[in-house]
Amino acid sequence: MGGSAEKPALFTNGKRVDGRGVEDLRPLKIVARVLNDAEGSAYVEWGKNKILAGIYGPRECIPRHDQSLYRAIVKCRYGMAPFSGAEEHGRSGPNRRSKEISKVIKEAFENVVISENFPKTEISIFVEVLQSDGGTRCAAVTAAAVALADAGIPMKDLISAVAVCKIDGQIAVDPGKEEDNFGESDMPIAFSPRTGEILLFQMDGLLTKEELARGLELARNASAKIREVQVAAIRKVYEEPKEERFLIID
Amino acid sequence: MESLNEIKRDTFSALLLQGKRSDGRAMYDYRKINVQPSILQNAEGASLVSIGRSQVMAGIKFDIAKPYADRPTEGVLSTSADLLPLASHLFETGPPSAESIELARVVDRGIRSANIVDLSSFSIDEEKVLALYIDLYILDHDGNLIDTAALAAMSALSSARMPKIEAGKIIRGEFTGKLPVKEKVVTCTFGKLGAKSFLDPSLDEEKGMDCRLTIATTPTHMCAAQKGGWGTVTEKDLAEFLDISMEKGNELRALIRG
């Protein structure tokens, strides 16, 4: 990432680079059902992240050797648009990073989708990062959960994800791009709100046991706030029914 | 589902043969069009366009590149299209399909042959030129992706900013002004079924039609064209389609701001 550039001060006088406190999320906006062909969809703006999720399924699982006689297979493809980054033009198509992220997102949803109801089928989660600003995988999980709910896929839980970071020794929630690049640690987490269990967990950098506990506490509190935005987005689909759905970006 | 699709296709085809359309449009009308320019901050240019229920995002990115050996002082223009699997149950993950390559190349040819971006001004030094990437991100597929993508590309170009260049490098986030674009190129795509022809085929109409013909225009000329599908067009069709393309092209151009 930005290893060669000079590390800026990330935490001064109790404020972060963008003026937030350690427990504050960046502005979060979620709109459900923005696509017409997809069976469920959601658009998430989180900081400068712009993320689109679309769902197909349950539909026949192809190739057939992927099928399970007992449950639906959850598939996930996370991809970044070649124009999504602030730096150079990206390559389209999967790479090592996007394949790993697709895998951990898929595994989080395998736990909450009630897949036994749909043997021999697949449920496909497609997430496209249209603009990236740090924390795209957490925004992807948050968008995918709303899109799955919009698609009417039965789930045990409406999940979301958020990262915590360590910036100039302080534990803070929802790192922005600069905090992601220059912070001492990054830890994306998805909780199951119903049970409090952890569905997605990654971490890099250096943390003490106390810092881990503080990070989990911050992430748990933030997840509750994210959930409110998710629920409001799903509710709005039914409060304002429309024939045609469009993605509006302002 | 498959039988329902066949019934739909046959019904819409029967209507077209009577000179009617399933959504009540006239034969040479577009569906509702919406253009949202300048919707992204990281890309140097962007636009989101819908025609009917089809939605396409175009993103513009600049990079430093090596010039082609036979054009050492010219910039590089590259157009690609992704038929994203979230856009349609018909699209699959995997390497680019022939359809996505054709789509990108038709849009590219219109922009390239009308010379609306001056690539000779993209030279930086002997070994470096600017590369301009147009990426067409297909988000929702309900037919006529070519016109939707071409309009998104043109709108993104028209709102694009020129990056600041210092010591042979792009200074990201700083700009020297707007990307100069000489004219606006748009495409009009016609469907043919039997002897009937129509503008802006929806996905249901595309499934039943014999062939399509796309004409890209500037305000004064045609600048690219492509026939697709097994059916045929006549010389008379071409003359008629070109007249309509010039007229409808101006309506499309009027939707592009910037």
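Against the list (1) within 14 Å of chain B (Cβ to nearest Cβ); (2) touching a Pro at 6+ places or on another chain (Cβ under 9 Å), the condition A:D133 fails is (2). Among the residues of segment B:82-141 satisfying the criterion of being within 14 Å of chain A (Cβ to nearest Cβ) and of a type in the set (F, W, Y), which is farthest from B:G168 (Cα to Cα)? This residue is B:F91. Considering only residues in segment A:198-217 that are without any contact (Cβ under 8 Å) to a residue 24 or more places away in the chain and under 17 Å from the mean Cα position of the chain (by Cα), the one that is farthest from A:K177 (Cα to Cα) turns out to be A:I198. Contact annotation: no residue pair with Cβ atoms under 7 Å, 6 or more positions apart or on different chains, pairs a residue in segment B:8-20 that is under 13 Å from B:E206 (Cα atoms) with a partner that is among the hydroxyl-bearing types (S, T, Y) and loosely packed, with under 13 Cβ neighbours inside 10 Å.
Of A:N13, A:N49, A:N36, all but one fail to be over 23 Å from A:C138 (Cα atoms) and within 13 Å of chain B (Cβ to nearest Cβ); the exception is A:N36.
The residue that is farthest from A:L10 (Cα to Cα), counting only those in segment A:179-209 that are assigned to a helix (DSSP H, G or I), touching a strand residue (DSSP E or B) at 6+ places or on another chain (Cβ under 9 Å) and of a type in the set (D, E, K, R), is A:D180. Checked against the criterion of being in contact with a Leu (Cβ under 9 Å, 6 or more places away or on another chain), among the aromatic types (F, W, Y) and in a helix (DSSP H, G or I), segment B:112-134 has at least one qualifying residue. Here B:S80 clears all of (1) polar (S, T, N, Q); (2) at pLDDT below 95; (3) in contact with a strand residue (DSSP E or B) (Cβ under 8 Å, 6 or more places away or on another chain) except the condition numbered (2).
Does B:A104 satisfy being at pLDDT 95 or above, touching a strand residue (DSSP E or B) at 6+ places or on another chain (Cβ under 8 Å), among the small types (G, A, S) and not in a helix (DSSP H, G or I)? Judged against the criteria, B:A104 is not a match.
Candidates in segment B:151-203 are the residues that are among the aromatic types (F, W, Y) and surrounded by 20 or more Cβ atoms within 10 Å (Cβ to Cβ); of these, the one that is farthest from B:L130 (Cα to Cα) is B:F198. Whether a residue is part of a strand (DSSP E or B) and over 17 Å from the mean Cα position of the chain (by Cα) was assessed, and B:T176 passes this test.
Flag: A:F182 does not match the condition of being within 14 Å of chain B (Cβ to nearest Cβ) and in contact (Cβ under 8 Å) with a residue 60 or more places away in the chain. Any residue at all in segment B:68-79 that's within 28 Å of A:V34 (Cβ to Cβ), surrounded by 16 or more Cβ atoms within 10 Å (Cβ to Cβ), polar (S, T, N, Q) and within 11 Å of another protein chain (Cβ to nearest Cβ)? No: segment B:68-79 contains no residue that is within 28 Å of A:V34 (Cβ to Cβ), surrounded by 16 or more Cβ atoms within 10 Å (Cβ to Cβ), polar (S, T, N, Q) and within 11 Å of another protein chain (Cβ to nearest Cβ). When segment B:1-58 is filtered for residues that are in a helix (DSSP H, G or I) and of a type in the set (K, R), the ones remaining, listed by number, are B:K8, B:R9. On the given criteria, is A:V44 in contact (Cβ under 8 Å) with a residue 40 or more places away in the chain, within 14 Å of the chain's Cα centre (by Cα) and within 23 Å of A:P188 (Cα to Cα)? Against the criterion (in contact (Cβ under 8 Å) with a residue 40 or more places away in the chain, within 14 Å of the chain's Cα centre (by Cα) and within 23 Å of A:P188 (Cα to Cα)), A:V44 qualifies. Per this entry, B:D63 is counted among residues that are at the interface with another protein chain (Cβ under 8 Å from one of its Cβ atoms) and not in a loop (DSSP other than H, G, I, E, B).
The values are calculated or read from the model by the stated rules, or taken from the named source; none is laboratory data. The structure displayed is predicted, hence computed values, not measured ones. Glycine also receives a Cβ, built like all others from the backbone with ideal geometry; neighbour counts cover every protein chain displayed.
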